[in-house]
Each structure stands twice: as structure tokens, then as C-alpha cells.
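Structure first, commentary second.
The values are calculated or read from the model by the stated rules, or taken from the named source; none is laboratory data. What you see is a predicted model; the values in this text were computed from it and never measured. Don't worry about glycine lacking a Cβ; one is built from the backbone with ideal geometry, like all the others, and counts go over all protein chains shown.
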Amino acid sequence: MAEEKESEENISALHKKITDAFQLFDYDSNNTVNVREIGTIMYSLGCFPSQADIREFTAKVGEDFSGVVHLDKFLPAMTKVLLENRFPPIPRSKLLQAFKVLDKDQKGYLKPEELTKYMMEKAEPFTQEEMDEMLTAHTHQKDNVIHYEKLIDKLTADQNM
Amino acid sequence: MGCGVSKSNQFHKHSRKAVTTIRAAVLIQRWYRQYVARTEMRRRYTWHIFQSIEYSGEQAQIKLYNFLGYLMDNFTPSSTERNLISHIFRENDVCWDTEWERYFCYKNIEVPEVYSGPHLTFPLTVEQAVGLLEAFRNKKQLHSRYVLELLLETWKLLRLLPNINRISTCQSKEVTICGDLHGQLEDLLLIFYKNGTPSLEKPYLFNGDFVDRGKDSIEILLILFSFMLVYPCDVYLNRGNHEDHIINLRYGFTKEVLTKYKIHGKRILKLLQKIFSWLPLASVIDQKVLVLHGGISDSTDLGVLAKANRHNYVSALRPPKRRNHSPAAMSIDIDMDNELWSASKILQRRASFTYPEPLGPRDCFHNRSLQDFSTRIKANMENELDSSKKKENILAAALNRSQHEILSKSTDSVSSDTTKDEWRQILDVLWSDPMNQDGCTPNEVRGGGCYWGPDITEDFLNRNNMQLIIRSHECKQEGYEFCHNRKVLTLFSASNYYDVGSNRGAYVKLGPDLVPYVIQYQASSMTRELTARQSVGRTERSALKVLREQLFAHKSDLLCAFKKFDSKNTGLVSLNDWASAVESVMHLNLPWRTLRCQLVACKTADGTIDYCDWFNELAIKGPNTDHIDQSLLETLYRHRSTLETIFRIVDTDNSGFISMEDFRQTWKLLSVYLKMEITDEDICNLAVTIDSNQDGSIDIDEFMEAFRLTDKKSRLERGRSMFMGTASDLTKLEDDPSV
């Protein structure tokens with residue numbers, strides 16, 4: 001019985017967490033968000049879906065043709081995602097490994113051109129805007145390279161929201 | 001060399017490598033996007049925190065003002081009590097011709113030889129205006145003689161202007177429009193640098209809120225006024241909600257002037273009251289674009305606004321006074337003189353908002369004093385059940401009513417329907433905010449004006465044959481924001497408003513095509529050109545600090561709320577309960593669960609929160625706090641803005657010092673307002689801490705500093721804390737020749 005109650009509380013806590021995140025993007029205060037924000041909301045709840053995952057999930061919860069997603073549909077679907085831990089975070093060690101793979105000469109840093117090539121041409125490519133943002137924020141001012149261990153520190157800080 | 005290595009091996013090796021590279025890239029991309037999303041979340045709630053607290057401060061000021069008005073209306077206090085607060089309701093008391101000239105006369109103010117600031121001669125030339133700009137850039141101060149002369153000339157000009165400026169972009173002139181500046185001289189200098197100073201070819205329109213919060217409000221006014229005097233047909237000003245002496249009491253402008261101009265500051269402020277009331281209410285460009293500070297409502301009627309006697313609204317928070325016209329066709333406002341303060345006049349005067357009759361019909365109140373009022377409240381408090389209900393009824397009804405409701409119920413107002421309507425329209429123009437839903441609702445967050453929806457915009461523009469509304473009043477991260485289908489543009493020109501890096505400023509250029517062209521800027525070289533998202537960290541820390549202070553200030557209420565969830569008295573609450581309790585007390589509508597990890601460091605193993613530990617975390621410690629009752633300290637802290645405002649009201653000669661007796665009266669006022677008991681002993685303890693030289697007077701600033709009621713770093717308090725120097729800083733100014 002105690003366990004049931006506990007999981008009830010858990011669920012209620014999850015619901016509130018999801019609703020809080022959702023409402024930060026609900027501009028019209030009518031429990032809807034633009035479909036394009038779904039990925040952002042999922043990420044901010046600690047999930048790591050792929051672009052395909054996001055598209056699939058959005059298709060399930062979105063209203064047809066209207067471009068909005070209603071909290072009524074989002075909440076149960078997202079609760080399930082969180083309970084199942086469907087898109088678990090990628091451990092920091094893997095992230096470091098990933099950078100080392102890209103850093104062919106093992107310099108400890110990446111040049112902007114190198115990073116751009118990988119981020120914009122491979123896998124789930126960045127848009128120009130995403131790329132520009134990454135470079136302005138994280139390229140070292142003086143030597144004009146990206147020190148990825150520092151970058152990893154930033155990316156993995158405050159993980160537990 | 002291919003020995004021993006087959007082609008297919010090489011190919012597999014190559015493709016494995018390629019796959020690894022792709023996987024690596026995916027990992028990084030996904031992490032990065034997650035990071036960006038989290039940052040976006042933080043940016044949003046940071047902004048939310050600042051705005052909630054800012055607007056609730058404005059609301060608190062209006063509530064305080066209404067409360068004081070209520071007291072004034074309902075009690076004939078002893079002359080001491082009355083003098084404490086009545087003078088803020090006594091606007092424009094020097095108005096008979098000869099007295100006016102005598103009061104504002106600058107001619108006998110001598111400018112000492114040692115004065116190194118600019119000397120002005122009238123009529124002003126553009127060289128002088130530019131010279132003034134340079135002088136302020138070099139941190140010089142304009143001598144009070146020239147300030148008064150400049151303000152008098154400004155007033156003479158403003159009186160000739162209509163309520164609604166009519167601007168035209170003929171001859172391919174682009175007009176440059178600027179939003180809120182809030183005393184931030186750096187931003188104005190930056191705008192003039194980027195865009196050029198005002199001239200015949202370069203007309204400017206400034207959309208209100210020139211003062212408060214920033215530290216150079218008076219300099220901004222002097223610059224704007226001098227350019228307006230030089231180019232009266234090419235520099236336009238709209239009034240903002242901060243061009244209002246009641247608001248200035250809380251947000252720093254009053255203090256700035258009194259600090260910079262110790263001898264003549266009071267006169268300067270009085271003259272500015274007049275000037276603010278004469279500022280135009282709105283501008284229309286090419287008959288198609290409406291520019292005003294706050295916004296519109298469903299009842300906004302440009303015809304009514306154009307015909308109003310705008311100078312009757314010295315503060316937009318009050319209905320207009322009765323007026324007489326002198327034969328010289330200069331309007332004279334009646335002073336609420338000693339002789340006039342009689343029972344019949346009380347019936348006629350109105351405070352800003354009507355109060356309902358929970359305390360009984362009005363005529364049995366007239367002879368009560370403040371003392372009676374507080375005794376009555378105290379007596380009520382003895383009966384617990386009754387008191388909570390009564391407390392709620394009396395003050396909640398009075399303080400929380402929307403002005404629309406109140407206006408409609410007001411029956412014995414002396415103002416005619418026309419003036420009531422006029423007043424409401426002016427309030428709307430200066431205080432309203434747009435919202436995304438259709439309709440029009442009272443703006444309860446700010447306490448004045450309304451929220452208006454896209455349907456109202458559409459309707460208004462159609463009816464008036466216009467195409468765009470440009471307004472200010474709200475801080476926007478990018479300095480500007482379109483809404484209502486791009487038919488409403490919010491423009492904000494004070495960059496780094498909440499903190500360094502918090503937002504950009506923007507101005508707009510509008511040519512004959514009437515397509516707004518926005519230019520952004522940020523007046524700080526400390527931050528690199530980061531995107532809004534990227535500069536979140538610092539602003540976030542600021543916001544969280546302010547939020548923690550607010551939480552600490554509400555400790556007693558929070559404790560009560562927690563105990564409700566903790567019936568077994570374990571000292572622990574679950575995260576969910578913590579969040580619910582906090583929201584029920586703070587009413588800031590913030591995502592508390594998301595914020596929890598930033599606000600609560602202590603946490604038990606199973607995720608519950610020890611709330612006593614948490615309060616210790618939050619506590620604000622100070623050297624003087626030991627012998628003072630903790631809950632009194634909390635009250636002090638929570639209502640410090642209100643406390644300071646009341647101090648400044650009570651400090652009738654604007655000296656920065658109040659007597660012990662007035663100090664006690666202040667506390668009486670505050671205790672009535674807050675519905676709480678503050679004993680004489682409490683007051684003595686406080687006074688003793690401050691009045692170290694035992695001369696019977698209290699230095700307001702020292703008091704606020706001593707109890708850590710001000711924080712030099714907190715941006716939201718910056719309007720005050722920037723010159724909240726200690727008394728020794730103020731004495732330095734006494735030798736300054738320019739005051």
C-alpha cells in the first residue's frame with residue numbers, strides 16, 4: 001500500500017514537472033504550445049531523443065494540421081516517456097570519447113572549421129543558426145579554437161533539474 | 001603497401017571509422033541541443049522572476065498610495081498626523097501668479113566661480129544642447145540655477161502643445177522613436193552616437209519613462225528638454241507612467257534629485273510635477289501610426305484624449321482636482337489649505353479609488369484620527385475569527401479591487417462622468433499591456449490600466465484608420481517585440497535593465513513608408529556579443545538572488561504553509577508539497593519544481609526537504625540584527641520599499657532626516673497598513689540602533705543600510721541603491737558648488 005501511494009506521489013510529481021516545463025512555452029496561456037517547441041521541452045525534461053524520436057513523438061501528440069500540441073495529449077505521453085526512461089541521457093564519458101574520435105590528431109581541441117564540418121554535414125546536422133551559436137559561445141577568444149573538455153563541463157553542468 | 005591487407009579489409013576499416021565518426025557527431029549534437037534547451041528554460045524563468053517581482057513592486061506602490069488616500073478621505077486626523085501624509089496629495093499648491101514666480105525664481109541663485117559645469121543662456125542654441133550632452137558624459141552636474149531656468153522654459157513650451165502630437169514624415173524625414181530610458185544615460189548617449197543627435201533633418205520621439213531606477217534620470221530629462229527647446233517641431237515627448245511623482249517616491253527619481261540638489265531639489269521636484277502633467281499623452285505619425293507609452297483599452301477614444309485637460313492629472317493614479325480659471329487664463333489649482341479642510345470638503349474630495357463601506361457609512365468617520373483607526377483594528381484583532389474576516393473584507397476589498405469595478409460603483413464622486421472617463425482613459429494609455437488572448441481585462445499585476453487583446457487592436461486600428469501601434473512600458477530581451485499580428489510593437493531602450501547582459505535596447509526609424517526599422521544595441525563592453533541565450537548565466541544568478549531574498553522575507557508565512565503539510569511535525573516536506581506551499585505564499589506563478597535545485601541546497605537522502613535548514617540557508621545576516629525581534633526584521637525586509645516610501649513621504653522638508661516623533665508615526669502608519677502590531681518597545685530598539693548621536697533624528701539612508709534593507713548589487717533596487725550611499729557620502733556633496 002505504501003508503495004502504491006509512493007508511486008502515486010511519484011506520478012503526481014512527474015505530472016507537475018512536465019506541466020511546469022510545458023507552461024513556460026505556453027504563450028497564450030491556453031495549455032497549448034507550438035509543435036516546434038516539443039523537442040526543446042523534451043530536452044529540458046532531461047531526455048535525449050534523436051531528431052527522429054522527436055518527430056515521431058510530435059506526430060503522436062500533435063493536433064493534425066494546426067501546428068499546436070495540447071497539454072491533454074502531451075502529459076500522458078510524456079509521463080510514459082519519463083517513467084520508461086525511453087531516451088536516457090548519454091553519459092559524460094561517452095561524450096568525451098566522441099570528441100576524441102573527432103579530434104583526429106588528438107590535439108585536445110578542435111578548430112572551428114573541423115567542428116563545423118562534423119556538426120553540419122554528419123548525422124543530425126545543425127542549422128546555420130545552431131552552428132553560429134555554438135561557435136560564438138564556445139570558441140576561445142584568444143586562440144580561436146574549441147577546447148572540448150571545457151565545453152563538456154558546460155554541457156554537463158546542472159544536469160539534474 | 002598492400003601486403004597482407006586486402007582491399008575489403010581496408011574498406012571495412014574505413015567504413016567502421018566513418019560509422020564511429022557519425023555516432024560521435026550524433027552524440028555531440030544531441031548533447032548540445034539538450035544544453036541549448038535547458039538554457040532556454042533558464043532564460044525564460046529568469047525573465048519571469050524579474051518581471052513578476054518588478055510588477056508586484058509597482059502594484060505595491062499603487063496599493064500604498066490608495067491606502068494613504070483612503071486614510072486621508074476617511075479621517076480628520078490631528079494636524080500632526082495629517083501633515084505627515086497630506087502634503088503628497090497637495091499638488092501644485094503654489095499657483096497664484098506672484099507666488100509662483102517667487103517660488104520658482106532662479107534669478108537670485110548665484111553661480112559660484114568655482115562651478116565648472118556648463119553655463120546656459122536662453123534662448124538655447126544647439127551648441128549649448130550638445131555642450132550639455134558632453135558635460136554629462138564627463139560626469140558634470142548642471143547648476144540648479146540653470147536647471148530651474150531650463151525647466152521653466154520647458155514648461156512654457158509644453159503648455160502650448162496638444163495632448164496628441166501630430167508628426168509627419170514628409171520630405172523623406174525618418175523619425176527616430178525611442179522607448180523607456182529609465183535614467184540610463186549610457187543608453188541615450190549610445191543612441192545619439194549611433195543615430196546622431198536630434199536636428200531638423202533628424203526628428204526624434206521619446207516614448208516616456210525617462211526617469212526612475214537608473215542613476216542619471218535628471219540628466220536625461222535635461223538633455224531631452226534642451227533639445228526640445230532648440231528644435232520644438234522636431235523633438236517630441238510622450239508621458240510615461242513613471243512621469244509621476246508618486247511613483248518617483250519609490251523608484252528612485254525623487255531621491256536622485258534631492259541627493260544631487262540638496263538646496264533646491266524640492267523646488268526642482270515641484271516644478272517637475274507640473275512639467276510631467278503637461279507632457280503630451282500620445283503621438284500620431286502620418287495619421288497612421290499611434291505611439292504611446294502603455295497601450296490602449298477597449299474604451300480608448302482619441303477624441304476624448306485630445307480634449308482632456310491633461311495637466312489636471314499630476315499623478316495618473318488620482319482623479320483630477322476641482323479647478324478654477326483665473327482671468328489670466330492660467331488655470332489655478334485649489335490648494336487643500338488648512339481652512340479648507342472641513343467636513344464638507346472631505347465629502348467632496350475623492351481618493352483615487354472608491355472604498356466600499358465595510359466600516360459603516362462615511363459620515364461617522366470624519367472625526368476619527370489615525371490613533372482611533374489603529375485602536376479599532378487592534379480591538380478587532382482580539383477577536384480572532386472576526387478579525388481575519390474583517391481584515392480580509394476591509395483591506396482586501398479596498399486594496400485589491402480593480403479600478404474598473406470601483407469606478408463603476410462610485411456614487412458620490414464630485415468628478416463628472418466625463419472626467420471619470422477621461423481619467424480612466426489616461427490611466428489605460430500609460431499603464432496597459434498587450435496580451436495574447438482576445439478581450440480586455442484589468443491589469444491586476446501592475447495595479448493600473450488593463451490587458452488588451454488582438455481583437456481590441458484590430459478594432460481600434462480599423463475604427464481610427466490606422467495601421468500600427470508602437471508602445472513601450474515592458475522590458476524585452478531583444479529590445480523590441482511585435483505582437484498582435486505585427487500590429488503592435490513594443491520598444492524598450494534601456495539595455496542591461498535587470499543586470500549586465502540581461503537585454504538589449506532598441507530604437508526604431510520610421511520613414512514615409514511607415515515600415516518600422518529596428519536597431520538594437522547593448523550599452524556594455526563587459527559582455528561579448530553573445531546571443532540572449534548565452535548570457536543567461538549571470539542574469540540568472542541575479543534573479544535567483546533576488547528571489548531568495550523574497551523567500552526569506554516571507555519566512556513566517558512559508559513556515560505556516562509548510563506546517564500545514566507537515567502534520568506530524570517532522571520538519572520535512574516532500575518536493576511536491578514544498579512547491580505547492582511556496583506558490584501559495586509567493587503568488588509569483590513560477591516553476592518552483594524546476595527552480596528547486598537552484599534554491600534549495602540542503603536535501604535529505606529520500607528527496608524530502610528540511611525546511612528549517614532551508615531557512616537557515618536563506619537567512620540574511622547583519623550586524624545590527626541580534627537584539628531586534630526576528631519577525632519584525634522580516635517585516636522590515638519584506639516591506640522595505642514601502643517603508644522607505646513612507647519615510648520619504650513623512651520627511652516633509654526632504655532633508656533625508658526625520659524626527660523621532662515622526663519615526664514613531666511612520667511605524668504607526670505601517671502597522672495599520674500591514675495590519676500588525678509593532679510595540680513602542682520595538683520602535684525604541686530600532687531607533688536606538690540608528691540614532692547613534694542621540695540627537696533625536698533618524699537618517700533614513702543609514703536606517704535602511706543598517707538593517708541591510710538595501711543591497712547595492714541587486715539590480716531591481718538599483719534605482720535606490722545607486723545613490724544609497726552612507727551619510728558620509730551625502731556630506732561630501734554639501735561642498736559641491738553645483739547644488
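Here is the figure for segment B:578-595: residues that are farther than 18 Å from A:Phe25 by Cβ and facing chain A (nearest Cβ under 9 Å) total 2. Regarding segment B:194-203, can at least one residue be identified that is among the hydroxyl-bearing types (Ser, Thr, Tyr) and touching a Pro at 6+ places or on another chain (Cβ under 8 Å)? Among the residues of segment B:194-203, not one is among the hydroxyl-bearing types (Ser, Thr, Tyr) and touching a Pro at 6+ places or on another chain (Cβ under 8 Å), which makes the answer no. Could you say whether any residue in segment B:250-264 is under 26 Å from B:Phe104 (Cβ atoms), of a type in the set (S, T, N, Q) and modelled with pLDDT under 95? So far as segment B:250-264 goes, yes, one or more of its residues are under 26 Å from B:Phe104 (Cβ atoms), of a type in the set (S, T, N, Q) and modelled with pLDDT under 95.
All of B:Lys545, B:Lys564 fail the test of being basic (Lys, Arg), over 30 Å from the mean Cα position of the chain (by Cα) and either closer than 21 Å to A:Ala13 by Cβ or part of a helix (DSSP H, G or I) (or both), apart from B:Lys564. Only one of the listed residues (A:Phe48, A:Phe22) is assigned to a helix (DSSP H, G or I) and either within 14 Å of chain B (Cβ to nearest Cβ) or surrounded by 12 or more Cβ atoms within 10 Å (Cβ to Cβ) (or both). That residue is A:Phe22.
Collect the residues in segment B:277-307 that are small (Gly, Ala, Ser) and buried (at least 19 other Cβ atoms within 10 Å of the Cβ), keeping them in residue-number order.
B:Ser277, B:Ala282, B:Ser283, B:Gly294, B:Gly295, B:Ser297
Conditions (1) within 27 Å of the chain's Cα centre (by Cα); (2) outside any loop (DSSP other than H, G, I, E, B); (3) at pLDDT below 80, marked per residue:
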position: B:Asn576; (1), (2), (3): no, yes, no
position: B:Val585; (1), (2), (3): yes, yes, no
position: B:Ala601; (1), (2), (3): no, no, no
position: B:Gly607; (1), (2), (3): no, no, yes
position: B:Gly622; (1), (2), (3): no, no, yes
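Selection of first residues in segment B:147-176 that are within 14 Å of B:Ala282 (Cα to Cα) and in a loop (DSSP other than H, G, I, E, B) and of second residues that are modelled with pLDDT under 95 and basic (Lys, Arg), restricted to Cβ pairs under 6 Å at least 6 apart or on distinct chains, gives the following pairs, ordered by first then second residue: B:Asn163/B:Arg310. Scanning segment A:77-129 for residues that are more than 9 Å from chain B (Cβ to nearest Cβ), of a type in the set (Asp, Glu), surrounded by 12 or more Cβ atoms within 10 Å (Cβ to Cβ) and part of a loop (DSSP other than H, G, I, E, B) yields a single hit, A:Asp103. Among all residues of segment A:25-36, there is none that is of a type in the set (Phe, Trp, Tyr), within 10 Å of chain B (Cβ to nearest Cβ) and in a helix (DSSP H, G or I).
Does at least one position in segment A:65-76 carry a residue that is on the phi < 0 side of the Ramachandran plot, at the interface with chain B (Cβ under 8 Å from one of its Cβ atoms) and in a helix (DSSP H, G or I)?
Scanning segment A:65-76, I find no residue that is on the phi < 0 side of the Ramachandran plot, at the interface with chain B (Cβ under 8 Å from one of its Cβ atoms) and in a helix (DSSP H, G or I), so the answer is no.
Looking across segment B:444-460, just one residue is in contact with a Ser or Thr (Cβ under 7 Å, 6 or more places away or on another chain) and within 16 Å of B:Ile247 (Cα to Cα), and that is B:Gly449.
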